[in-house]
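Notes follow the structure.
The values are calculated or read from the model by the stated rules, or taken from the named source; none is laboratory data. None of these values were measured; they are calculated from a predicted model. All Cβ positions, even for glycine, are placed from backbone atoms using ideal geometry, and neighbour counts span all protein chains on display. Please note that ligands, DNA and RNA were not included when accessible areas were found on the heavy atoms of the full protein model with its side chains. Shrake-Rupley method; radii C 1.70, N 1.55, O 1.52, S 1.80 Å.
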Amino acid sequence: GSSGPGVARLRNTQPRWNEAEKAFTLNFYSRVQLASKKNFMLAPEDASDDVVLLFGKIGKDRYHLDFRPPFSTVQAFFTALSAFEHRLRIS
């Protein structure tokens, strides 16, 4: 679909192959210390190196969140919280 005024189309930043580590990795700019399936970065569809939200694990039950416009504090928080969706589901 198309974007209207005030709508930002974002996508997950894709990992790149790291020959030294023999694995796909993301550059979290020293902001994230631990590998986790919850780690992610969002960038505009047309500028994948222009990260606008970064979320990742820094310790046991500790996470780091960096963001900038187009995200507000509340939007960034709830976007990060979505990484924990499976834990919040009520049976």
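The table that follows gives values for the structure above.
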item	result
Complete set of residues in region 14-33 that are of a type in the set (A, V, I, L, M) and under 15 Å from the mean Cα position of the chain (by Cα)	Leu26, Val32
All positions within region 59-77 that are among the β-branched types (Val, Ile, Thr) and at pLDDT below 95	none
Pairs, first of a type in the set (Gly, Ala, Ser) in region 13-33, second open to solvent by less than 100 Å² (accessible area, probe 1.4 Å) and not in a loop (DSSP other than H, G, I, E, B), C-beta under 6 Å, six or more apart	none
Within region 48-85, considering residues that are assigned to a helix (DSSP H, G or I) and among the aromatic types (Phe, Trp, Tyr), the one surrounded by the most Cβ atoms within 10 Å (Cβ to Cβ)	Phe77
